[in-house]
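I have placed the structure first, in the form of structure tokens, so that the comments after it can refer back to it.
The values are calculated or read from the model by the stated rules, or taken from the named source; none is laboratory data. Every value quoted in this text rests on a predicted model; they were computed, and no experiment measured them. Virtual Cβ from ideal backbone geometry, glycine too; neighbours counted across all protein chains shown.
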Ligand code: UDP
Ligand code: MG
């Protein structure tokens, strides 16, 4: 036991990879990861979280674990809890002093991990990354630029490209993240909140080697809501301010209409303009209810005592 603890403490690097239906990518990923990590000449472990894959991902991961039992650990989820919860579970179990996250689809080249480690060794506690030329479709890239812009404007999180998951964090940051017990969160942003000395490096970005993106449009919208409403109250505050301005303007309109009514008498003209204004205001109110609901939903999730994820088993070298 004492010997095992010593072994755990002396581990330098944990690489964390969420996996959801990535059977075509796992063999290449494991090979490239192990080759590039061996080159670092540091002690390391790779933790895969199988996020409820329905294909042969778990089977393949298990066979790699059998091949490299001291290097590979697998957390097997009971269902699909999403990329960020998969990373969260691995954070709870990782043992390294430096923790690197990476996607399983090889869009983040494992060879680039060395760059992040070099920066961590310079004393930074958070090494983010931005993609030199992003290899995703134009729609994704464009929307992501808008969300990056909005996030920069309304949160105090400063990063060039929050969507790039190839990142390195210090043990202290991971301890804070684990202690926060957040759900529906956006890990790079949460980690940034706990960092004291962050930096960023440019990394290569490749096309998905095989398979398709695991995010549909709804999933992407949800993820971006987690980023915006999870890290800023500005949308609510803007809404209140907008309400105040509109109330003031409507007050002026009422006074003007009242004046006309007294001076000219009842009029029916302009009724469609009023309809238009009413429809606009109703839509704003509906949006506001939705916005409040977003925050309320987050509170609801956080006060319910349901587990954030359920682990079926952990496959590791005892
Ligand atoms: N992923 C996951 N659970 C999910 C969706 C995705 O674990 O519900 C993993 C996926 O296997 C990959 C990473 O998260 O390793 C990023 O997913 P993807 O490449 O589909 O996202 P994109 O690059 O399109 O943003
Ligand atoms: Mg991808």
* **Counted residues, the stretch 70-103 - those being within 9 Å of ligand 1 (Cβ to nearest atom) and in a loop (DSSP other than H, G, I, E, B)** => 5
* To do: Check the stretch 200-217 and report whether any residue there is under 30 Å from residue 134 (Cβ atoms), within 16 Å of ligand 2 (Cβ to nearest atom) and in a strand (DSSP E or B).
  => yes
* To do: Identify the residue in the stretch 81-103 that is within 16 Å of ligand 2 (Cβ to nearest atom) and out of contact with any helix residue (DSSP H, G or I) (no Cβ under 6 Å at 6 or more places or on another chain) and, among all such residues, is farthest from residue 12 (Cα to Cα).
  => 82
* Return only the number of the condition from (1) more than 16 Å from ligand 1 (Cβ to nearest atom); (2) farther than 30 Å from residue 304 by Cβ; (3) surrounded by fewer than 18 Cβ atoms within 10 Å (Cβ to Cβ) that residue 179 does not satisfy. => (2)
* **One residue from 227, 281 being at pLDDT below 95, under 30 Å from residue 80 (Cβ atoms) and touching a helix residue (DSSP H, G or I) at 6+ places or on another chain (Cβ under 8 Å)** => 227
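Going through 163, 219, 211 one at a time, which residue ends up being within 15 Å of the chain's Cα centre (by Cα), over 23 Å from residue 11 (Cα atoms), within 12 Å of ligand 1 (Cβ to nearest atom) and surrounded by fewer than 17 Cβ atoms within 10 Å (Cβ to Cβ)? Full working, then the answer.
Working: 163 fails: surrounded by fewer than 17 Cβ atoms within 10 Å (Cβ to Cβ); 211 fails: within 15 Å of the chain's Cα centre (by Cα).
Exactly one of 163, 219, 211 is within 15 Å of the chain's Cα centre (by Cα), over 23 Å from residue 11 (Cα atoms), within 12 Å of ligand 1 (Cβ to nearest atom) and surrounded by fewer than 17 Cβ atoms within 10 Å (Cβ to Cβ), namely 219.
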* Is one or more of the residues making up the stretch 144-163 more than 19 Å from residue 234 (Cβ to Cβ), within 16 Å of ligand 2 (Cβ to nearest atom) and part of a helix (DSSP H, G or I)? -> yes
* To do: Return only the number of the condition from (1) in a loop (DSSP other than H, G, I, E, B); (2) modelled with pLDDT of 95 or more; (3) within 13 Å of ligand 1 (Cβ to nearest atom) that residue 196 does not satisfy.
  => (3)
* To do: Could you tell me which residue of the stretch 104-127 is nearest to residue 16 (Cα to Cα), considering only residues that are outside any helix (DSSP H, G or I), in contact with a helix residue (DSSP H, G or I) (Cβ under 9 Å, 6 or more places away or on another chain) and within 16 Å of ligand 1 (Cβ to nearest atom)?
  => 104
* Asked: Mind checking which pairs have a first residue in the stretch 128-154 that is farther than 21 Å from residue 108 by Cβ and a second that is surrounded by 16 or more Cβ atoms within 10 Å (Cβ to Cβ) and at pLDDT 90 or above, Cβ under 8 Å, 6 or more apart or different chains?
  -> 150/228; 154/228; 154/232; 154/235
* Which condition does residue 144 not pass, out of (1) within 21 Å of residue 191 (Cα to Cα); (2) more than 16 Å from ligand 1 (Cβ to nearest atom); (3) out of contact with any strand residue (DSSP E or B) (no Cβ under 9 Å at 6 or more places or on another chain), if it passes all the others? -> (2)
* Which listed residue is in a helix (DSSP H, G or I) and over 38 Å from the mean Cα position of the chain (by Cα), from 252, 281 -> 252
